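Heads up: the structure comes next, in structure tokens.
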Amino acid sequence: MNAHRPRKRFGQHFLHDPGVLAKIVAAIAPAAADCMLEIGPGEGALTRLLLARLRHLSAIEIDRDLAARLAEEFPPERLTLHCADALVFDFAALPAGMRVVGNLPYNISTPLLFRLAECAARLRDAHCMLQREVAGRMVAKPSTPQYGRLSVMLQARFAMQKLFRVPAGAFRPPPKVESALVRMVPLAEPPACDTVRFADVVRRAFSARRKTLRNALPGVDFAALGIDPGLRPENLSAADYARIAGPPQPGV
């Protein structure tokens, strides 16, 4: 079969290094009966290794040519293919306890991570390959340079661990940056808050991250919350932002 020409509009960089692929599978440790979804299987290098252990795998692939090749290789009872854009895919339709794995395109990694956060309660875990700089922001601690909106939004829903770096040469074509694999496990008890207001508060705060909280979030009674209004947005944890957002609204 001829090699697929990577398409820039889809941000395609195909992982081909056998050692890295083996490390990913070892990190996931799939069991035969696991419900698993692969985002962006591409040429199927990881797909084949997963199906060697799983009875069944689901996958989302936006490239129709690649989806057709995988459909030719694997029968539908082994591989269920969704030829779709992962950014608009209905993750809420997934069975509870789904495990997600994906080599996420750099150009959509942040909005796709937000989509996964929205359905965190339905996931068992997620293992995502991302640009190393994005992985650093995901796991960053408060009061560090990399800590920001992405850190807070994800840490409110997941416990995260950066597992290992992946060099550019492990991909075809090689990207201009290194990558990293991150494990995301939904929190058993995420902060109870108004999720819509939480997202809005975090967005507004980090849109003015150089300002103090009293200026970035005017109107908030920080004294009642026990939060120093002289702090800056990057000094607060996800739990702090949940307190600012307030409890869930009735019926939400």
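Coordinate-derived values only; no laboratory data. Every value quoted in this text rests on a predicted model; they were computed, and no experiment measured them. Cβ sites come from the backbone with ideal geometry, for glycine too, and all protein chains shown count toward neighbours.
Do we find that A216 is more than 23 Å from L112 (Cβ to Cβ), over 17 Å from the mean Cα position of the chain (by Cα) and crowded, with 17+ Cβ neighbours inside 10 Å in this structure?
Judged against the criteria, A216 is a match.
Considering every residue within segment 209-232, establish whether at least one is of a type in the set (S, T, N, Q) and under 21 Å from Q155 (Cα atoms).
So far as segment 209-232 goes, no, none of its residues is of a type in the set (S, T, N, Q) and under 21 Å from Q155 (Cα atoms).
Kindly evaluate G169 against the criterion of being in contact (Cβ under 8 Å) with a residue 60 or more places away in the chain and either over 28 Å from C119 (Cβ atoms) or surrounded by fewer than 16 Cβ atoms within 10 Å (Cβ to Cβ) (or both).
yes
Which condition number in (1) touching a Cys at 6+ places or on another chain (Cβ under 7 Å); (2) at positive phi is the one that S143 fails?
Failed condition: (1).
Please enumerate the residues belonging to segment 74-117 that are surrounded by 14 or more Cβ atoms within 10 Å (Cβ to Cβ) and charged (D, E, K, R).
Answer for segment 74-117, where residues must be surrounded by 14 or more Cβ atoms within 10 Å (Cβ to Cβ) and charged (D, E, K, R): R99, R115.
Looking at I39, I24, which one is under 19 Å from F89 (Cα atoms) and surrounded by 19 or more Cβ atoms within 10 Å (Cβ to Cβ)?
Residue meeting the stated conditions: I39.
Quick one: in segment 87-114, of everything that is within 19 Å of L46 (Cβ to Cβ) and among the aromatic types (F, W, Y), which residue is farthest from the chain's Cα centre (by Cα)?
The selected residue is F89.
Does segment 186-198 contain any residue that is under 20 Å from the mean Cα position of the chain (by Cα), surrounded by fewer than 18 Cβ atoms within 10 Å (Cβ to Cβ) and farther than 26 Å from L104 by Cα?
Checked segment 186-198: at least one residue is under 20 Å from the mean Cα position of the chain (by Cα), surrounded by fewer than 18 Cβ atoms within 10 Å (Cβ to Cβ) and farther than 26 Å from L104 by Cα.
I need a count of the residues in segment 195-252 that are touching a residue at least 24 places away in the same chain (Cβ under 8 Å), in a helix (DSSP H, G or I) and among the small types (G, A, S).
Result for segment 195-252: 6.
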